[in-house]
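**Q** Encoded as C-alpha cells, here's the structure I'll be asking about.
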Amino acid sequence: MSTFQPVRGMRDLIAEDAETLSYVIGKARETAQLFGFKEVITPVVEPFELLSAKSGEEIRQRMFIFDDLGGRKVSLRPEFTASIARLTTTTLKNEPKPLRLFSAGSVYRYDEPQKGRYREFWQANFELMGSGRPEADAEVILLANNLLKNTGLKNFALKLGHVGVLKGIMTQEGIDDKAQNAILQKMDKKEYETALALVDSENCRKILRGLIELKGANVFDTVDKMKTQVQGYEKAVAAVENLEAILRLVTESGCEIEVVDPAFARGLEYYTGVIFELYVPQLEIALGGGGRYDKLIEVFGGESTPAVGMATGIDRIALAMQAQKTRLQKPTQKRVTVIPIKEEQKAEALKIAQMLREAGLPAEFEVMGRKMGKALEDADKRKVDYAVIVGERELKEGKVVLKDLVGRTQAEVNIETLPSKIRENGC
C-alpha cells in the first residue's frame, strides 16, 4: 500500500521549521504594530479577474485557477496586494487616510520547486495607502529594514531602483504599455540583451544600455550619473529626483542602502515609482521587496489613491536565519510533565496540570498510562525540564514530588507553591 506525500511544491513544516516560521510571523506582526499598521485577513480564494488584473503575465501563467461549483472562475491568491486593493475600494473606502494595513498568510504560485521557492509559501504584507510623498516610501523601506533587524539577521542589504526612470524613457520613445511590461519582465530576470532586442528605437536602446551598465562609487554617485544619463527625458528626470529624495530620507534616518540599480525592475506590472528588494549574502534570492503603485486602486474601481507596499517571504527569512544560525530570541519556558503514580490520583493530577497552565506554565499530562519510570524516561527524551509526581501519601499532606530532570534533584513541594517553585528553578 502506497503512502501519501504532500503535493509537489507543498511542504509539511514540523518541529524547528514550524517554530521558526511562526517566530518570523510573530516578528512581522510586532513590526507592523510598531509602525502603526493594522492587521486585516483576506480570503485565500479570490475571483480570477481580481487577481489577474495587474499581476503581470508571468504571475498570471503561474496562478492556481479553477472553476468553483457555481461555475465561477476563481484562483488561489498569488500575492496580497490585489486583495488589499479590493478591500480598500469596498469596506475601507471611507476610512481616513493614510491606511496602514498588514497581512500574513500563505500564497500560491505554480513555480518550479527549488531552494527558497515553493508552490505554497508564506508572506508578510504591508501596504501604506493615501500618500504619494517620499516620506511614505521611506517609511515602508525603514519598516523592511526594521523587520529583518528584529528577526536577528545580520549583513542584510537593501537594493533600490525606480521603475519610473525606465518607464519615462520608454513612454517618451513611444513604446506602448504592453511592450514596456514585456521589456521590464526580461530586465527583472536580468535578461538584458533579450529585453533590448524588444526595443525598436536605437536611441532608446542606447539610453537603456547606458543605465544597465552604469556603476557608481556610492549610491548618491550612482544617482548623479543617472541624472546625466536621462537628460532630455522629463519624466525619467523627475523619477531620478524622486529616488534621490527617498534615498536621502532613508539614509539620514540611519538605514544604510547598499545598492542603487538604475536598471532594476520587478515582475509585477503595477509598480509606478520606487522599488526595492532585500538580500542576505547566504542566499541568491530576495527575501522580499516592494514599491510604489499609484494607479492600482483605480483599476479596481476606487478613487485615485497613491500607495506603497512591500511583501517579505517568511519562508525565505526563515531559510536565511537557518543559514546564519540565528537564535530565536524568545523567553525560555519551563516544560513540565505531570505524572499520577496510580489510577486513583488521575483526577487530582489533572487538576494540578490545569493549575500550572492557568499560572502560565506549559504542562503536559501523562496520557499514555505508563508506569512512572517509563513516563520519566519519555520526559527525558523530549527534554522536559520538570516532572510533577502525584502520589497518594503526598496528596494527603497537600504536596507533590517536584523532580528536576536537568539537575537530577527532587523535593516534596506544597501544591499551592508549586508554580512559584518551578519559576524559581525548582528543587
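The values are calculated or read from the model by the stated rules, or taken from the named source; none is laboratory data. This one's a predicted model, so the numbers in the text were calculated from it and none came from an experiment. Here the Cβ positions follow ideal geometry from the backbone for every residue, glycine too, while neighbour counts run over all protein chains shown.
**Q** What number goes with the only condition from (1) modelled with pLDDT of 95 or more; (2) buried (at least 19 other Cβ atoms within 10 Å of the Cβ); (3) assigned to a helix (DSSP H, G or I); (4) under 24 Å from the mean Cα position of the chain (by Cα) that Leu153 does not pass?
**A** For Leu153, the exception is condition (3).
**Q** Next up: Can you tell me which residues in segment 210-267 are farther than 20 Å from Leu158 by Cβ, among the hydroxyl-bearing types (Ser, Thr, Tyr) and either within 27 Å of the chain's Cα centre (by Cα) or buried (at least 16 other Cβ atoms within 10 Å of the Cβ) (or both)?
**A** Within segment 210-267, just Tyr233 meets the criteria.
**Q** Enumerate the pairs (first residue in segment 292-309 and of a type in the set (Ser, Thr, Tyr); second residue anywhere and part of a helix (DSSP H, G or I)) with beta-carbon separation below 6 Å, excluding pairs fewer than 6 apart on the same chain, so at least 6 apart or on different chains.
**A** Ser304/Glu298; Thr305/Ile297
**Q** Being within 27 Å of Thr20 (Cα to Cα) and either assigned by TED's automatic domain parsing to the domain that holds Glu303 or buried (at least 17 other Cβ atoms within 10 Å of the Cβ) (or both), is that true of even one residue in segment 85-99? Write out each step before concluding.
**A** Start the filter on segment 85-99 by keeping residues that are within 27 Å of Thr20 (Cα to Cα), which leaves none.
No: segment 85-99 contains no residue that is within 27 Å of Thr20 (Cα to Cα) and either assigned by TED's automatic domain parsing to the domain that holds Glu303 or buried (at least 17 other Cβ atoms within 10 Å of the Cβ) (or both).
**Q** Residue check: is Pro419 surrounded by fewer than 17 Cβ atoms within 10 Å (Cβ to Cβ) and either within 38 Å of the chain's Cα centre (by Cα) or under 24 Å from Tyr23 (Cβ atoms) (or both)?
**A** The answer is no for Pro419.
**Q** Restricting to strands (runs of 3 or more DSSP E) lying wholly in segment 373-427: which have 2 or more residues that are more than 14 Å from Gln345 (Cβ to Cβ) and among the hydrophobic types (A, V, I, L, M, F, W, C)?
**A** 409-414
**Q** While we're looking at this one, here's another question. Pull up segment 358-370, narrow it to residues that are surrounded by 13 or more Cβ atoms within 10 Å (Cβ to Cβ) and not aliphatic (A, V, I, L, M), then point me to the one that is farthest from Gly407 (Cα to Cα).
**A** Residues of segment 358-370 that are surrounded by 13 or more Cβ atoms within 10 Å (Cβ to Cβ), as a first pass: 359, 361-366, 370.
From the residues that got through so far, the ones that are not aliphatic (A, V, I, L, M) too are 362, 364-366, 370.
Values: Pro362: 19, Glu364: 20, Phe365: 21, Glu366: 21, Arg370: 23 Å.
Among those that are surrounded by 13 or more Cβ atoms within 10 Å (Cβ to Cβ) and not aliphatic (A, V, I, L, M), it is Arg370.
**Q** So if I check each of Leu350, Leu361, which one is of a type outside the set (D, E, K, R), under 35 Å from the mean Cα position of the chain (by Cα) and either closer than 16 Å to Leu395 by Cα or not in a helix (DSSP H, G or I) (or both)?
**A** The match here is Leu361.
For every residue, the table says whether it meets (1) at pLDDT 90 or above; (2) more than 18 Å from the chain's Cα centre (by Cα); (3) surrounded by fewer than 22 Cβ atoms within 10 Å (Cβ to Cβ).
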{"site": "Thr272", "(1), (2), (3)": "yes, yes, yes"}
{"site": "Ala286", "(1), (2), (3)": "yes, no, yes"}
{"site": "Tyr293", "(1), (2), (3)": "yes, yes, no"}
{"site": "Leu296", "(1), (2), (3)": "no, yes, no"}
{"site": "Phe300", "(1), (2), (3)": "no, yes, yes"}
{"site": "Ser304", "(1), (2), (3)": "no, yes, yes"}
{"site": "Ala311", "(1), (2), (3)": "yes, no, yes"}
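**Q** Among residues belonging to segment 371-388 that are touching a residue at least 24 places away in the same chain (Cβ under 8 Å) and more than 23 Å from Thr332 (Cβ to Cβ), point out the one that is surrounded by the most Cβ atoms within 10 Å (Cβ to Cβ).
**A** For segment 371-388, the residue satisfying everything is Ala375.
**Q** Right, here's the next one. Could you check, for segment 198-210, whether at least one of its residues is of a type in the set (Val, Ile, Thr) and either farther than 25 Å from Ala307 by Cα or outside any helix (DSSP H, G or I) (or both)?
**A** yes
**Q** Output the residues belonging to segment 103-120 that are charged (D, E, K, R) and either under 14 Å from the mean Cα position of the chain (by Cα) or not assigned by TED's automatic domain parsing to the domain that holds Leu51 (or both).
**A** Arg117, Glu120
**Q** Out of Thr332, Thr417, I need the residue that is modelled with pLDDT of 95 or more, out of contact with any strand residue (DSSP E or B) (no Cβ under 6 Å at 6 or more places or on another chain) and among the β-branched types (Val, Ile, Thr). Which one?
**A** Thr417
**Q** Here is a follow-up. Tell me whether segment 239-249 contains one or more residues that are in the same structural domain as Phe156 (by TED's automatic domain parsing), assigned to a loop (DSSP other than H, G, I, E, B) and not acidic (Asp, Glu).
**A** No, that holds for no residue.
**Q** Now, a different point. Residue pairs, Cβ under 6 Å, 6 or more apart or interchain, first in segment 171-200 and among the acidic types (Asp, Glu), second surrounded by 18 or more Cβ atoms within 10 Å (Cβ to Cβ). List them.
**A** Glu173/Cys204; Asp188/Ala265; Asp188/Arg266
**Q** Quick one: in segment 389-409, which of the residues that are in contact (Cβ under 8 Å) with a residue 24 or more places away in the chain and within 49 Å of the chain's Cα centre (by Cα) is farthest from Thr332 (Cα to Cα)? Working first, answer last.
**A** We begin by selecting, within segment 389-409, every residue in contact (Cβ under 8 Å) with a residue 24 or more places away in the chain; these are 389-392, 395, 400, 402-403, 405.
Now restrict to residues that are within 49 Å of the chain's Cα centre (by Cα): 389-391, 400, 402-403, 405.
Details: Ile389: 23, Val390: 25, Gly391: 29, Val400: 24, Leu402: 19, Lys403: 19, Leu405: 16 Å.
That would be Gly391.
**Q** If I filter segment 192-204 for residues that are surrounded by 19 or more Cβ atoms within 10 Å (Cβ to Cβ) and closer than 30 Å to Leu319 by Cα, do I get at least one hit?
**A** The answer is no, given that none of the residues of segment 192-204 is surrounded by 19 or more Cβ atoms within 10 Å (Cβ to Cβ) and closer than 30 Å to Leu319 by Cα.
**Q** Is it true that Ala124 is small (Gly, Ala, Ser) and either free of Cβ contacts under 8 Å to residues at least 24 places away in the same chain or in contact with an Asp or Glu (Cβ under 8 Å, 6 or more places away or on another chain) (or both)?
**A** Against the criterion (small (Gly, Ala, Ser) and either free of Cβ contacts under 8 Å to residues at least 24 places away in the same chain or in contact with an Asp or Glu (Cβ under 8 Å, 6 or more places away or on another chain) (or both)), Ala124 does not qualify.
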